[in-house]
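Working notes, structure below.
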Amino acid sequence: MVRKIMQASFDKLQALAKHKLEHAKEKGLAVEVIIVVGGLCGSPSFQKALENIFSKWESIRHRPISVIFFDKAQSAIVEGAIRVALVGGVELKPFNNRADA
C-alpha cells in the first residue's frame, strides 16, 4: 500500500520534472544539476528513486543531469547553492529586515 502511494507521488514528480526540463530546453537553458532540499532527502530509497527518474534525461549539452540532496534546508551551503542556481551564478546577499542591522 505504501509503495503504491509513493509510486503515485514519483509518477507526478517525474511528469513535473519532465515538463520543467523540456521548458528549460525550449529556452536554451542547460540544466546540469538538480538540487533537492528537505523532505525525504535523507532516505536512500527516495534518493535512488529520484536518481532513476533524472538519469533518463540529459542536458542540452548532452551531459547527464546530476542530483544533489540536502536534508536540511537551513544550511549555508544549500542557501548559497540555491541562490547561485536561481540567478545564474551571481550570488545575492540574504535580505535582512532587522532595524539594528
Using a 10 Å cut-off around each Cβ, can you sort Leu21, Leu29 from fewest to most neighbouring Cβ atoms? Leu29, Leu21
Amide H neighbours of Ile34 at under 5 Å, excluding residues fewer than 5 places away on the same chain, with H built from the backbone geometry, are Ser66, Val67, Ile68
Any idea how far apart Glu79 and Leu16 come out in nm if each label point goes 7 Å out from Cα toward Cβ? 2.4
For Leu16, Leu50, which order do you get if you count the other beta carbons within 10 Å of each Cβ and list the fewest first? Leu16, Leu50
A chain fully extended from Leu29 to Lys48 at 0.36 nm per residue, minus the present Cα-Cα distance, gains in nm 4.3 nm
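Read the figures in this text as sums done on the coordinates, not as results from a lab. Every value quoted in this text rests on a predicted model; they were computed, and no experiment measured them. Note: ideal-geometry Cβ built from the backbone for every residue, glycine included; neighbour counts use all protein chains shown.
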